[in-house]
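The values are calculated or read from the model by the stated rules, or taken from the named source; none is laboratory data. Keep in mind the model is a prediction, meaning the values are calculated, not measured. We place every Cβ from the backbone using ideal geometry, glycine too, and count neighbours over all the protein chains shown. Accessible surface is based on the protein model in full, side chains and every heavy atom, while ligands, DNA and RNA are left aside. Shrake-Rupley method; radii C 1.70, N 1.55, O 1.52, S 1.80 Å.
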Amino acid sequence: MNWNSVVVREASRTGNYGKVVELARIHRRLTQLQLGTACGLSQSAVSRLEKRGSGPYAMDVLLRISRHLEIPPAVLGLAGPPTRTTKGGENVERRQFLGAAAAIAVAVPVLAVVDHVMDETEPQASALRLATTSYRRLDGSTPSRELAEAVHAHLRLIQGLMRTAPTEAARIGLAGVASEAASLAAWLAWDMGDHGSARSFYGAAIKAARSSSNPLLTAYQSGSLAQFEAHSGNAVQALSLARSARRCIEPDSPPIADAWLSSVEALGHAAAGDRRSADRALTRSRAVIEGSSDGERPPWPWVFTFDESKIAAVRVNCGAKLGLAAWTSEGVHSPAATGHAKQRALLFMDVAAGHLAAGRVEAAFALGGQALEIGLQYRSGRIVERGRSLRRSFSTSSPSKAVREFDERLHGVHL
C-alpha cells in the first residue's frame, strides 16, 4: 500500500480517515465484516466509519484499525494511544488529540513548506514551525473552537522557549516561529467572531515578526491585519496597515508579496467604497501573478498558493462590499469555490450579497442559507455574522419563504 499516493494524502490531509481505512481494507482484500470482527466492530459500524468523511472519529477505534491494517498511525491522525479522559462527563479525546496533530505532517509529506522549515541548523525552530503549519492545515476540517486551545498552548510553548533561548540567533529564529503561531491564533479568533482577540494576536504576530528581523514576514503579518480590518469595514486602518506592509517589501521580495498585498489593498479600497481604486489594485495583482514564474509552490511565509483563483475570490468579496452584482455573479462557479468548506461558505455569502444587490432575493437567501449551514456545522462565528449582515441589509414587510427559512435558521444561534 502506497501511503504517499495522492488519494491517501488528500484523505489524510482533510481528516477523511474513513476513506483511508476503506482504501487499506480493500488493498488487504478484506470485507467490512472481516475487518469489524478483527477489531471488535460490527459490519455496519465499519461501513459508517468509512462513510463518515471529515469526522469526528473515535481515536481508540482508529488505533485498533491502524494496527490490524498496518496503517501508519499518523496517516489516521494518531500520534499514539488516545487519552480517554473525561471532563464533566464529556469525552475530550478529540480535543486532546489535536495537541499532537503535527505528527500528520511528519509522516505524510503534504505541506508546501517542508523544504523550508526543515533547517538542520535550527532543528527546534524547524520542528515548531512544521507543527504550526500542520495546525493551519487542520483549520479547513476542524472547528476553530476545537483547534484554538491547542494552538494557544503551542504559542505559549514557543514564547517560553524564546525567553530561555541560549543565543541571540536562536531567539531570533524562534521569534519568526512565534509570529506565525500568533497569526494563526488571530485567524482562529477571527473565525470565532472574537475580533478583540484577533487584533491582539495579530499585533503580537507583527511584534514578533519585527523581532525576527525579517522584513518579508513583517510585511505579511501587517498585511494580514490589514486584510482583517478591511473585512471588518475599517477602510482607513486597512489602507494604513497596507502602506506599512508595502514599506517592508524589499526589491528582491518574491512576486507573490506584491500580488497578495495588492489584493489586500483592493479590499481596503472596496471597504471605503472606492470602486476605481479597488479595480486598479485587482488588475495589478492579476498582472503580477500572470507575469510570475515562481511555479506552484508558495514561498514562505505564505503557506497556501496565491493564484488567479484567489484573486477571483477577492474580486467577489470586493463586489459584495461595493454592491456590484457583476463582480459577484461568477463566484459560485469560479475556481475559488473549490476551497475548503469555510472558504466556500464565505464566498457564497459574498455572492448572496451580489444577488441581493441585483434584486434576486430568493437566490440570495437560498445561497446564504447554504453558507449558514456550513457556518453552523463548523461553529464559525465569522460566517454566522456574515449571515446576520446579509439579513440586516434587506428589509421587507412580507418576507418570502426563503427569507423566512433563513430567519428561522439564524434565530437563536449563539456562537
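What the table shows:
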item	result
Gyration tensor verdict on segment 115-234 (Cα atoms; rounded if a/c is under 1.5, prolate if a/b is larger than b/c, oblate otherwise)	prolate
Violating pairs (Cα-Cα greater than 30 angstrom) within the set K310/K401; K19/K401; K19/K321; K19/K342; K19/K207	K310/K401; K19/K401; K19/K321; K19/K207
Simple spin-label estimate for R163 and S292 in nanometres, 7 Å along Cα-Cβ	3.8
Selected from T142, W187, A209, residue furthest toward positive end of dipole (segment 119-212; charges at beta carbon)	A209
Whole-number Å³ per residue for the convex hull built on Cα positions in segment 174-235	60
Theoretical gain in end-to-end length, S47 to Q34 [0.36 nm per residue, Cα-Cα removed]	3.5 nm
Kirkwood-Stokes translational diffusion coefficient of segment 134-186, alpha-carbon pairs, 37 °C, 0.692 mPa s, µm²/s	283
In Hz, Karplus ³J(HN,Hα) per residue of segment 267-283 (6.51, -1.76, 1.60; θ = phi - 60°; x = Gly, Pro)	4, x, 5, 5, 4, 8, x, 9, 5, 4, 5, 5, 5, 5, 5, 5, 4
Computed E for S398/S253 - FRET, C-beta separation, R0 56 angstrom, nearest 0.05	0.50
Whole-number accessible area per residue in Å² for segment 201-268, which is evaluated in the context of all protein chains at 1.4 Å	36
Cα gyration tensor category, rounded, prolate or oblate, for segment 209-329 with a/c compared to 1.5	oblate
Cα-based shape type of segment 342-398, given that a ≥ b ≥ c are square roots of the gyration tensor eigenvalues and the cut on a/c is 1.5	prolate
